[in-house]
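Structure record follows, encoded as structure tokens.
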Amino acid sequence: MRQKLKNINNKLLITIFSLTSFLFLFIHLQFSVINYLSVLLLLAEIILASVIIYALLKKREKEIEEIKNTIRNIRDYKINSSNEIHLGNSLKSVEEEMHLMYDHWKNNIENMKKLEQVRTEFLGNVSHELRTPIFSIQGYLETLLNGALEDSKVNKVFVQKAINNTNNLNNLLNDLIDISMIESGQMKMSFRYFNIHEFLKAVISEFQPLAETKKIILSLHSPNPNLEVFGDKNRIKQVMTNLISNAIKYTEKGAVEIGVIEEGNSALIYVQDTGFGISEEDLPRIFERFYRVDKNRSREMGGTGLGLAIVKHILEAHDSKIFVESKLGLGSKFYFRLKK
Ligand code: ADP
């Protein structure tokens, strides 16, 4: 309301100014000579114009000073929320813009802080994950050097354990390379149709020897041998390898079933096991980088804690999503969909 009144005031001043100008012009033309009246009017006109211009300039100066002060306060972190930004009534539209700009700026800073924190945590995790196998290798080698090398009961075991740890290191480096490629957008995808039945048969055959050593029955449920799905075959292989190797890793006895179910325009692909299962509180976190329900068990099996994070990223690049259902002690089922 006050803003409107001020605007009206300004308009009124300008109107008075214009009317007097017209009046002066009229009288001047009427008498067509410069008489005292017209000189007087001219003077009055000049004085009025100067007063108006001076008042407007003063007002502008005050407004600019007000904007400058607010910007200074934002820059010096004296303002903690956009609600604390107040400008005079004539600057309400500038105030609104400043609110928007402040919220946008604050959001960006907070996002950057979060990213920085994630990065620091990630680096901390990476160093920790690297240190663990390196310390183990160092320990086994030192023990061998200090005499165990001559002890035929332990020497081979220690060498084997050192090798297992170098394998863990290798797995970790490979997974780290994948994660950084995915997150920096460098992982190139090549989408095409492929026969999912043949594909799953081939992937499963690679895991058959491992499953046999654990006496786990590995089976395929794929009723349509001609079914084609759309995706990056190599990346989907990486997804399946992670899911099947987890299913075998975290199953002590029983079976692992891999299957495809046709659903309208898509195919649901699942890996189901009769393993340890995952508790309800751990379930939402297993796709986070480095999150493991049981760190030692995962490491013993050569796990890096990055597998499911990679699976999640790859499926997101397929506009798909990974789902899990699990019951502690009964087993787990991981599944996702691909376009067919
Ligand atoms: P890891 O390399 O440790 O296997 P993943 O990212 O593949 O890392 O999995 C994260 C965690 O999720 C695992 O450490 C394990 O605790 C849990 N997990 C994954 N798959 C299964 C499964 N099939 N059964 C039980 N737990 C699982």
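If the chain linking Ile163 and Asp151 were pulled fully straight, counting 0.36 nm for each residue of separation and taking away their Cα-Cα distance, it would gain 2.5 nm. Across region 283-295, computed HN-Hα scalar couplings (Karplus, 6.51 cos²θ - 1.76 cosθ + 1.60, θ = phi - 60°) run 3, x, 9, 5, 8, 6, 5, 6, 7, 10, 5, 10, 4 Hz from first to last residue, x flagging Gly and Pro.
If you run the Gaussian network model on the chain, springs between alpha carbon atoms under 10 Å, then out of Val94, Val271, Val311 the most flexible one is Val94. In terms of overall dimensions, the C-alpha atoms belonging to region 37-187 reach 126, 32, 23 Å along their principal axes, ordered largest to smallest.
Percent of C-alpha pairs per 5 Å bin in region 155-206, short distances first: 4, 15, 10, 12, 15, 19, 12, 7, 4, 1, 0. With a ≥ b ≥ c the root eigenvalues of the C-alpha gyration tensor of region 163-239, is it rounded (a/c under 1.5), prolate (a/b larger than b/c) or oblate? Oblate is the answer for region 163-239, as a/c is 1.5 or above yet b/c matches or exceeds a/b.
Annotation for Ser127 and Thr213: the two label points, set 7 Å from Cα along the Cα-Cβ direction, are 3.5 nm apart. Note that the chain shows a convex hull volume over its alpha carbon atoms of 270 Å³ per residue. Distance between the modelled labels on Leu141 and Glu316, one decimal in nanometres: 3.8 nm (7 Å Cα→Cβ projection). Which values of log₁₀ I(q)/I(0), to two decimal places, follow from the Debye formula for region 42-112 at q = 0.12, 0.13, 0.25, 0.26 Å⁻¹ with a uniform point scatterer at every Cα? Listed by q, the Debye log ratios stand at -0.45, -0.50, -1.09, -1.14.
Counting every alpha-carbon pair across region 191-339, the share separated by more than 27 Å comes to 17%. Checking the a/c ratio against 1.5 first, then a/b against b/c, what shape does the Cα gyration tensor give for region 180-223? Since a/c reaches 1.5 but b/c is at least a/b, the shape of region 180-223 is classed as oblate.
Under a 5 Å amide H cut-off, with hydrogens placed 1.01 Å from N, Val256 pairs with Ile217, Leu218, Ser219 among residues at least 5 apart or on other chains. In this calculation the C-beta distance from Phe194 to Ser93 is compared with R0 = 41 Å, giving a FRET efficiency of 0.10. Relative contact order, whole percent, for the chain stands at 12, derived from Cα pairs under 8 Å and 6 or more residues apart. At q = 0.20 Å⁻¹, what is the log10 ratio I(q)/I(0) for region 117-183, with the Debye formula run over Cα points and no solvent? These q points yield log10 I(q)/I(0) values of -0.79.
Each reported figure results from applying straightforward, stated rules to the coordinates on display, with no laboratory input. In this text the structure is predicted, and so the values were computed from the model without any measurement. Quick reminder, even Gly has a Cβ in these numbers, built from the backbone with ideal geometry, and neighbours come from all protein chains shown.
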